[in-house]
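The values are calculated or read from the model by the stated rules, or taken from the named source; none is laboratory data. Treat the numbers as computed from the prediction; the structure is a model and nothing was measured. Note that each Cβ is placed from the backbone with ideal geometry, even for glycine, and that neighbours are counted across all protein chains shown. What goes into the accessible areas is simple: the full protein's heavy atoms, side chains included, and nothing from ligands, DNA or RNA. Shrake-Rupley method; radii C 1.70, N 1.55, O 1.52, S 1.80 Å.
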Amino acid sequence: MTRHQKRLSAPTSWPVERKTEVFTVKAGAGPHGESGVPLLVLLRDVLGYVESAKEANYALSHNYVFVNGKPVSDPRIPIGMFDILAFTEREEYYRVFPDEGGRLALTPIDADAADSKLGKITGKTQVPGGETQLALHDGMTLLVEEAGEYATGDSIVVGNEDREVVAHFPYQEGALVTAVDGQHAGEIGTIEEITVTPGSGPNTVRVETDDGGFETISAYVVVIDEKFTGGEA
């Protein structure tokens, strides 16, 4: 199987130049599906910390790079929305956050904020033993006891080390959200109205912004807290 990806056909969320070269590295197996950006792309093309895959492999072999609190060794590991990228030697920390246009960008954060990660609840099921399992947007699953507190569409902040829920943001009118897909990707505002569509059609949401507002499908928005917009850096 090829380890290369044509730049022109790379997902629109990837922060790569399309016409400078023909190929870029292909993402390996991992979370975020096809939208995950290979770590090498961020290290080389976005941050400029390495010039080649060889240099990236050297840095990763010395545990210089952490993703969501854990050292990583594969330069092709997919990095996606709300992941935390840490360079402890440099004392630099970033959250992957969609910019306007939907491309994934790195938002500087402080060290304390790098200890946990935001996740959108995409599924909720009961498992044997009476506990409830939450499925998050990046494939992570989490067992919780107070099942009634959480609903699909809510967002939670999970500690990287203990996987405990440290914050919960309900999906409801008045909540602060960011669009992560569609033509309004990267825009931030508050939910003005949620419309449940009868039948199989997608539910929609009306978001109020400083410039007016927009309407999109509910699956395209994620509830966030003000600190996730980058104001903490």
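Search region 158-172 for residues being without any contact (Cβ under 8 Å) to a residue 60 or more places away in the chain and either in contact with a Lys or Arg (Cβ under 9 Å, 6 or more places away or on another chain) or part of a strand (DSSP E or B) (or both), and hand back the single one that is most open to solvent (accessible area, probe 1.4 Å).
My answer is VAL166.
Considering only residues of region 175-200 that are small (Gly, Ala, Ser) and open to solvent by 30 Å² or more (accessible area, probe 1.4 Å), which is modelled with the highest pLDDT?
Filtering region 175-200 for residues that are small (Gly, Ala, Ser) and open to solvent by 30 Å² or more (accessible area, probe 1.4 Å), the one modelled with the highest pLDDT comes out as GLY182.
Are any residues in region 82-99 touching a strand residue (DSSP E or B) at 6+ places or on another chain (Cβ under 6 Å), part of a loop (DSSP other than H, G, I, E, B) and at pLDDT below 90, and if so, which ones?
Matches in region 82-99: ASP99 only.
Of all residues in region 72-92 being over 17 Å from VAL41 (Cα atoms) and not β-branched (Val, Ile, Thr), which is surrounded by the most Cβ atoms within 10 Å (Cβ to Cβ)?
Ranking the candidates gives GLU92 first.
Answer yes or no as to whether GLY102 is surrounded by 13 or more Cβ atoms within 10 Å (Cβ to Cβ), outside any helix (DSSP H, G or I) and at positive phi.
So GLY102 passes the test.
Return the residues of region 159-174 that are of a type in the set (S, T, N, Q) and at pLDDT 95 or above; say none if nothing qualifies.
GLN172
Would you tally the residues in region 105-131 being touching a Gly at 6+ places or on another chain (Cβ under 9 Å) and open to solvent by less than 60 Å² (accessible area, probe 1.4 Å)?
The qualifying residues number 8.
Might you let me know whether region 131-141 holds any residue that is farther than 23 Å from THR216 by Cα, touching a strand residue (DSSP E or B) at 6+ places or on another chain (Cβ under 8 Å) and not in a strand (DSSP E or B)?
So far as region 131-141 goes, yes, one or more of its residues are farther than 23 Å from THR216 by Cα, touching a strand residue (DSSP E or B) at 6+ places or on another chain (Cβ under 8 Å) and not in a strand (DSSP E or B).
Filter region 140-151 for residues that are within 17 Å of the chain's Cα centre (by Cα) and either open to solvent by 40 Å² or more (accessible area, probe 1.4 Å) or β-branched (Val, Ile, Thr) (or both) and give the result.
Scanning region 140-151 gives MET140, THR141.
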